[in-house]
1. How many of the residues in the stretch 83-113 are outside any helix (DSSP H, G or I) and closer than 11 Å to residue 168 by Cβ?
2. Being crowded, with 18+ Cβ neighbours inside 10 Å, within 16 Å of the chain's Cα centre (by Cα) and part of a helix (DSSP H, G or I) is true for just one of 144, 128. Which residue is that?
3. Going by the structure shown, is residue 151 surrounded by 12 or more Cβ atoms within 10 Å (Cβ to Cβ) and over 25 Å from the mean Cα position of the chain (by Cα)?
């Protein structure tokens, strides 16, 4: 066997051997799975190992599900993190606000800085994290930073953001 064909064979084996995880630009497109008897990957129509493992958890037999409302009563900090919108805002309804603030409505949290409901609910979520869950700061620090950034997108400057959050904290 000449050197070029041996290198080609080794490269082909390397390229088509098992790699766990989703496909990458490095592997050949659509090729994953456990190595077959020849050392090459399983056929393309077989389910990749990473999808098989994930589907076990999706079936419900391994993982118990928790509804949104029950998570609010079990772990309010994690529930509040889950409520953040992609853009960083918290758009909470009246019932959720009452549960987070021990029965207070949004009208309790008026501000001299803004009348925007979206800005108020975002600032309320930040105030709840900073005042009620200060001991879990490592859990919520990044989402609060994103929320503060979104308050800037609502047209508030740094001083206004801090005033708004402090006004809400005083009413909690």
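1. Qualifying residue count for the region: 6.
2. One residue alone meets the criteria, 144.
3. No.
Any read-out appearing in this document is the output of simple, stated calculations on the displayed coordinates, not a laboratory observation. Being a predicted model, the structure only gives us computed values, none of them experimental. Heads up, the Cβs are rebuilt from the backbone with ideal geometry, glycines too, and the neighbour counts pull from every protein chain shown.
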